[in-house]
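**Student:** Provided herewith is a single structure, encoded as structure tokens, for subsequent inquiry.
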Amino acid sequence: MPGIQNIASNAWKIFLHILFPRTCFSCGIDLPWNHTPPLCLDCLNKVQRPGPLICQRCGTVLPSGGAHCARCRGNKGKQFKCSSIRSAWLFGPQTQGLIHAFKYQGYSFLAEYLGAYMAKEFARYPELQTVDAVVPVPLHPKKQRARGYNQSLLLAQHFCKQTGLALRPDWVKRHKDTLPQAQLNRQERLENMSGAFVALPLTKGKRVLLIDDVATTGATLEGCAVALKQAGAKQVIAFTLAREP
Ligand SMILES: [Zn+2]
Ligand SMILES: [Zn+2]
């Protein structure tokens, strides 16, 4: 009896809505009971996604166009082990509070919506489609214990559920407890991540897609890619929820 099931399910949602009203993670406005996304429609419409004017290697937005940013132009781009970085969103005022809540304030349930959203956006990047396995960027065990979860693993779980790609969370481990990247410049970030990860020999010959929440300079992704390539991975590319412009 699908009709009756629907009525019961809606009644339950309305009941929950009365007990625990949900608000938009960006502007704080009350959300209607039948609105699934964690942002209101107005904020969702303002969220920016990367357009066609991005660096073909690192995904940085290039307002004046061109194939590559200054860092990736010519042979410099070939020195990076992570050959392609793409993202679902551009990090901005609408996504900032949401990602902060997801990452630092215990709102781990957001992974279901965000991972499924990533899966939908993933389809618009043909250059990412040939992968054998999905590997979330690992946290150091100490940090994961303190936070209670690894936000990248949760995203990757829901992303793989939607895309049907194989999830391999144990292929890369973080064995160095690194400094918080936010306080460091680009060069320091790369040095901070150097040798921070180790990959299993199982990755040999495989095309790996790394999943992370936010790409800023790409140093964390590069750290993982170096470890994967050392272990014999054929190709390493990355897809993140958001990209800092
Ligand atoms: Zn809003
Ligand atoms: Zn670039």
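The values are calculated or read from the model by the stated rules, or taken from the named source; none is laboratory data. Note that this is a predicted model, so its numbers are computed, not measured. Glycine gets a Cβ as well: all are built from the backbone with ideal geometry, and neighbour counts include every protein chain shown. Accessible surface is based on the protein model in full, side chains and every heavy atom, while ligands, DNA and RNA are left aside. Shrake-Rupley method; radii C 1.70, N 1.55, O 1.52, S 1.80 Å.
**Student:** Over 27 Å between Cα atoms, which of K78/K142; K76/K234; K103/K204; K46/K173 qualify?
**Tutor:** Working: K78/K142 34 Å; K76/K234 19 Å; K103/K204 31 Å; K46/K173 36 Å.
In this structure, K78/K142; K103/K204; K46/K173 lie more than 27 Å apart at Cα.
**Student:** For the stretch 193-230 and the stretch 1-45, what is the separation of their C-alpha centers, rounded to whole Å?
**Tutor:** 38 Å
**Student:** Sort 13-25, 188-200, 84-96 by the packing proxy (mean of other Cβ within 10 Å over each peptide's residues), most packed first.
**Tutor:** Ranking the peptides 13-25, 188-200, 84-96 by packing returns 84-96, 188-200, 13-25.
**Student:** Next question, about the same structure. Take the Cα radius of gyration of the stretch 1-43 and divide it by 2.2 N^0.38 Å, with N its residue count; two decimals is plenty.
**Tutor:** Computed over Cα atoms of the stretch 1-43, the ratio equals 1.32.
**Student:** Related question: In percent, what relative contact order does the chain have, based on Cα pairs under 8 Å that are 6 or more apart in sequence?
**Tutor:** For the chain, the relative contact order is 21 percent.
**Student:** In terms of Cα to Cα distance under 18 Å, which aspartates and glutamates are near enough to K120, apart from those fewer than 8 places away along the same chain?
**Tutor:** Hits, sequence-local ones excluded: E112, D212, D213.
**Student:** Taking the DSSP beta bridges in the chain as the whole, what percent of them are antiparallel, to the nearest 5?
**Tutor:** Details: 5 of 24 bridges.
If I count the DSSP bridges inside the chain, around 20 percent turn out antiparallel.
**Student:** Between helix 219-230 and the chain, what is the angle of the helix's C-alpha long axis to the longest principal axis, kept within 0 to 90° and rounded to the nearest 10?
**Tutor:** With rounding to tens, the tilt is 60 degrees.
**Student:** Taking the solvent-accessible surface of protein heavy atoms with a 1.4 Å probe, what is the per residue accessible area of the chain in Å²?
**Tutor:** Numbers: 12760 Å² over 245 residues.
Per residue, the chain has an accessible area of 52 Å².
**Student:** Explain nothing, just compute: Karplus ³J(HN,Hα) = 6.51 cos²θ - 1.76 cosθ + 1.60, θ = phi - 60°, for every residue of the stretch 171-180 in order, whole Hz, x for Gly and Pro.
**Tutor:** These are the phi-based 3J(HN,Hα) values: 6, 10, 10, 9, 10, 10, 7, 7, 6, x Hz.
**Student:** May I pose another question? Name all residues of the stretch 132-152 having a backbone nitrogen under 11 Å from the label point set 7 Å from the Cα of A116 along its Cα→Cβ direction, giving them as ranges.
**Tutor:** Under 11 Å, as judged by backbone N against the label point of A116, lies no residue of the stretch 132-152.
**Student:** Quantify, in whole percent, the carbon and sulfur part of the accessible surface of the stretch 47-243 (1.4 Å probe; protein heavy atoms only). Present the calculation step by step, with values, prior to reporting the outcome.
**Tutor:** Details: 4820 of 9130 Å².
Percent of accessible area from carbon and sulfur atoms in the stretch 47-243: 53.
**Student:** Sticking with this one: Which order do peptides 156-165, 65-74 fall in by mean Cβ count within 10 Å, highest first?
**Tutor:** Values: 156-165: 18.7, 65-74: 13.6.
In descending order of packing, they fall as 156-165, 65-74.
**Student:** What residues have an amide H closer than 5 Å to that of Q56, excluding those fewer than 5 places away on the same chain, when H is modeled at 1.01 Å from N in the peptide plane?
**Tutor:** Those lying under 5 Å, H to H, from Q56 are H68, C69.
**Student:** Across the stretch 158-168, in residue order, what do the Karplus-derived ³J(HN,Hα) couplings come to in whole Hz, using 6.51 cos²θ - 1.76 cosθ + 1.60 with θ = phi - 60° and x for Gly and Pro?
**Tutor:** 6, 4, 5, 4, 7, 8, x, 6, 7, 8, 10
**Student:** Right, another one. Using only helices, what value at 222 nm comes out for the chain when you add -39,500 (n - 2.57) per DSSP H run of length 4 or more and divide by the total residues, to the nearest 500 deg cm²/dmol? Mind dumping the intermediate values first?
**Tutor:** Details: 8 runs with 89 residues, N = 245.
When only DSSP H runs of four or more count, the value is -11000 deg cm²/dmol.
**Student:** Using a Förster distance of 45 angstrom, determine the FRET efficiency expected from the C-beta separation of R147 and I7, and round it to 0.05. Before the final figure, lay out the partial values.
**Tutor:** Values: r = 39 Å, r/R0 = 0.87.
Approximately 0.70, to the nearest 0.05.
**Student:** Residue by residue, what Karplus-based ³J(HN,Hα) values in Hz, rounded to whole numbers, does the stretch 93-101 have, using 6.51, -1.76 and 1.60 with θ = phi - 60° and x for Gly and Pro?
**Tutor:** Along the stretch 93-101, the couplings run x, 6, 9, 4, x, 5, 5, 4, 5 Hz.
**Student:** Ok, one more. Tell me which residues come under 5 Å, amide H to amide H, from R243 once H is placed; ignore anything under 5 positions away on its chain.
**Tutor:** For R243, the qualifying residues are W89, L90, F91, A215.
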